[in-house]
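Down below is the structure, laid out as structure tokens.
The values are calculated or read from the model by the stated rules, or taken from the named source; none is laboratory data. Treat the numbers as computed from the prediction; the structure is a model and nothing was measured. No Cβ is skipped: glycine too gets one built from the backbone with ideal geometry, and neighbour counts run over all protein chains shown.
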Amino acid sequence: INIQQGLLFAKPLPYDDEQKGLNTQITIRLSHVVAENTPKGLAASKFAELVEEKTNGVVKVQVYSNASLYNDENEFKALQNGEVEMIIPTFSKMTSYIPKWQVLDLPYLFNTDQKVHDVLTGPIGDLLLEELKPYQVKGLSFWHNGFKHLTSSDDPIHTFEDLQGLRVRTMPSKTLEKQFETVGATPVPISFSEVFSDLEAHAIEAQENTASNIYSKGFYKVQQHMTLTNHGILGYAVLMNENFWQTLPTKIQKQITEAMEDTTDWQFEQAILVNEKDLRKLQQMDDFEIYDMSAEELAHFKEKLAPVYDYYYANIDDDKVLEQIQQIV
Ligand code: LMR
């Protein structure tokens, strides 16, 4: 990997809107952990394309996918230290810094992708992004992946009882850990880049994810069962190093903002299409069974997860953001 070009930005350059900077090549290193053909991977490439177009090639976005540069554990520090200019973690992975974002991890909070869009791209999304200020990180947008489902190795999951005693991989979010504890499973927070090998080694027996992540990372090769639960959402915060942002001329900031707005609109539509397409591919796989929970089973599962809300109210809900979301969904 050639990361030399981005090292220019180890120190902020003294750009000036009027005469300097605009002819200098600016490189944004963008690191993410998923495959390229996923809702996040595709949107990262789209953003790179739009930024280059809108800035007439002055800004180049160099995308590093598949955790080839940084993984879940070190990407936020790398962003803060200016080792990369952009990362796109799930909001769940940011909850140790911003506990309030756990609201988005609550089970069965959203019913449709449209409602996710309305919340994440509206005033509530803006309010949540403001929480990044103390970290010298600029929140450019929220993106969506889709609704999460469960996969398991030996036995299919038809009811919550089937999860009891299983070691289930989660993203690092107390609310997600609580979700699995509530159904009697053992949550195991693991970096995304380790999930495939840990499933293969049976260090974990189940995991939750969207169809696009399950398909693009080949989890169907090491898990035999998938249960369509739609129990929660997987979404992203698009983050930029604040010092880097401040070094950019106003004109370029504006062009980047426009590119991000266009990408975000495109991204939400693309996320739905990619997950539909990848679910169809998963349905065609041999040796991979997909179980569609009945309405009754889903209602039962949902009811069983209700105590996660009690946990949220008791530990996190300090500004009634859940109530604001519930007025929309
Ligand atoms: C996961 O860790 O399961 C996902 O967050 C990966 C991703 O970024 O979509």
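Tabulated data for the structure shown
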item	result
Of all residues making up segment 198-231, the number that are away from the ligand (no atom under 14 Å from the Cβ) and of a type in the set (S, T, N, Q)	4
Flag if Leu239 is under 30 Å from Val58 (Cα atoms), within 16 Å of the ligand (Cβ to nearest atom) and out of contact with any Phe, Trp or Tyr (no Cβ under 6 Å at 6 or more places or on another chain)	yes
Residue list for segment 180-220, filter: assigned to a helix (DSSP H, G or I) and within 18 Å of the chain's Cα centre (by Cα)	Phe192, Ser193, Glu194, Val195, Phe196, Ala211, Ser212, Asn213, Ile214, Tyr215, Ser216, Phe219
Residue list for segment 304-325, filter: surrounded by 12 or more Cβ atoms within 10 Å (Cβ to Cβ) and either more than 23 Å from the chain's Cα centre (by Cα) or not hydroxyl-bearing (Ser, Thr, Tyr) (or both)	Lys304, Leu305, Pro307, Val308, Asn315, Ile316, Asp317, Val321, Leu322, Gln324, Ile325
Residue list for segment 70-83, filter: under 20 Å from Pro39 (Cβ atoms) and either in a loop (DSSP other than H, G, I, E, B) or touching an Asp or Glu at 6+ places or on another chain (Cβ under 7 Å) (or both)	Tyr70, Asn71, Asp72
Among residues of segment 5-48, those that are part of a helix (DSSP H, G or I) and either within 13 Å of the ligand (Cβ to nearest atom) or modelled with pLDDT under 95 (or both), counted	12
Number of positions in segment 96-130 that are within 17 Å of Phe147 (Cβ to Cβ), assigned to a helix (DSSP H, G or I) and hydrophobic (A, V, I, L, M, F, W, C)	5
Every residue from segment 125-182 that is crowded, with 19+ Cβ neighbours inside 10 Å, of a type outside the set (D, E, K, R) and under 20 Å from Lys221 (Cα atoms)	His149, Leu150, Thr151, Ser152, Ile157, Leu166, Val168, Thr170
Filter result for Leu109 (within 14 Å of the ligand (Cβ to nearest atom) and under 25 Å from Glu303 (Cβ atoms))	no
Number of positions in segment 150-193 that are in contact (Cβ under 8 Å) with a residue 40 or more places away in the chain and either among the acidic types (Asp, Glu) or more than 16 Å from the ligand (Cβ to nearest atom) (or both)	13
Boolean, Gly165 is outside any strand (DSSP E or B) and either under 19 Å from the mean Cα position of the chain (by Cα) or at pLDDT 95 or above (or both)	yes
Among residues of segment 49-69, those that are assigned to a helix (DSSP H, G or I), in contact with a strand residue (DSSP E or B) (Cβ under 7 Å, 6 or more places away or on another chain) and surrounded by 20 or more Cβ atoms within 10 Å (Cβ to Cβ), counted	1
Residue within segment 229-248 that is among the β-branched types (Val, Ile, Thr) and in a helix (DSSP H, G or I) present	yes
Residues within segment 290-303 that are surrounded by 13 or more Cβ atoms within 10 Å (Cβ to Cβ) and not hydroxyl-bearing (Ser, Thr, Tyr), tallied	7
Residue in segment 285-293 that is in a helix (DSSP H, G or I) and on the phi < 0 side of the Ramachandran plot present	no
